[in-house]
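The values are calculated or read from the model by the stated rules, or taken from the named source; none is laboratory data. Bear in mind that the values here come from a model prediction, so they are computed numbers and not experimental data. Every residue, glycine among them, receives a Cβ derived from its backbone with ideal geometry; neighbour counts consider all protein chains shown. Heavy atoms of the whole protein, side chains included, go into the accessibility calculation; ligands, DNA and RNA do not. Shrake-Rupley method; radii C 1.70, N 1.55, O 1.52, S 1.80 Å.
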Amino acid sequence: KFLYKKLQLYSLEIYGVKFKIYEARRGPQIELTDMFSLLTLVNCTHLSLTCNAIDKIANLNGLKKLRKLALSRNNIKNLNGLDAVGDTLEQLWISNNNIEKLKGVHVLKKLKVLFIGNNVVKVSARDF
């Protein structure tokens with residue numbers, strides 16, 4: 001679902017993306033007006049998409065310089081989809097999701113900070 005249809009975000013913190021804010025039942029919502037903006041943010045180093053209904057990590061290919069990614073308070077179940085930022089990502093903030101396994105984190109070669117509190121993680125030696 002991530003980036004394949006119109007996104008209705010509740011939190012977006014980046015520079016250089018066109019967006020508009022409008023009122024919804026749950027408060028202000030942010031709607032991207034340019035759906036491919038995230039794919040073209042080649043100079044973006046920090047991206048926060050917290051407090052949304054994102055259910056999987058995908059389409060990070062254009063974020064060639066991304067060092068910090070915040071996806072806390074979403075509905076993410078696994079860490080698949082991080083390959084595209086594996087060479088640059090230093091911080092992954094992914095607390096308050098539904099993550100059960102760390103499988104997928106091994107692709108993050110420069111990872112220094114993994115904030116994964118308030119998930120139901122079951123750690124196994126195969127995850128590393």
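Overview of results
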item: Criterion violated by L47 - all others in (1) under 18 Å from N118 (Cβ atoms); (2) outside any loop (DSSP other than H, G, I, E, B) satisfied; result: (1)
item: Index of the failed condition, T33 passing every other in (1) over 21 Å from V105 (Cβ atoms); (2) open to solvent by less than 20 Å² (accessible area, probe 1.4 Å); (3) at pLDDT below 50; result: (2)
item: Scope region 95-106; condition open to solvent by 30 Å² or more (accessible area, probe 1.4 Å) and assigned to a loop (DSSP other than H, G, I, E, B); matching residues; result: N96, N98, E100, K101, K103
item: Pair list, Cβ < 9 Å and 6+ apart or interchain, from region 111-125 residues that are among the aromatic types (F, W, Y) to residues that are modelled with pLDDT under 95; result: F115/A70; F115/S72
item: Filtered residues of region 75-94 (kept if in a loop (DSSP other than H, G, I, E, B) and open to solvent by 10 Å² or more (accessible area, probe 1.4 Å)); result: N75, K77, N78, N80, G81, D87, T88, E90
item: Failed criterion for A70 (all others in (1) open to solvent by 60 Å² or more (accessible area, probe 1.4 Å); (2) at pLDDT 85 or above; (3) of a type in the set (A, V, I, L, M, F, W, C) hold); result: (1)
item: Odd one out for V42 among (1) modelled with pLDDT of 85 or more; (2) assigned to a loop (DSSP other than H, G, I, E, B); result: (1)
item: Residues located in region 107-117, provided they are loosely packed, with under 13 Cβ neighbours inside 10 Å and assigned to a loop (DSSP other than H, G, I, E, B); result: K109, K110, K112, G117
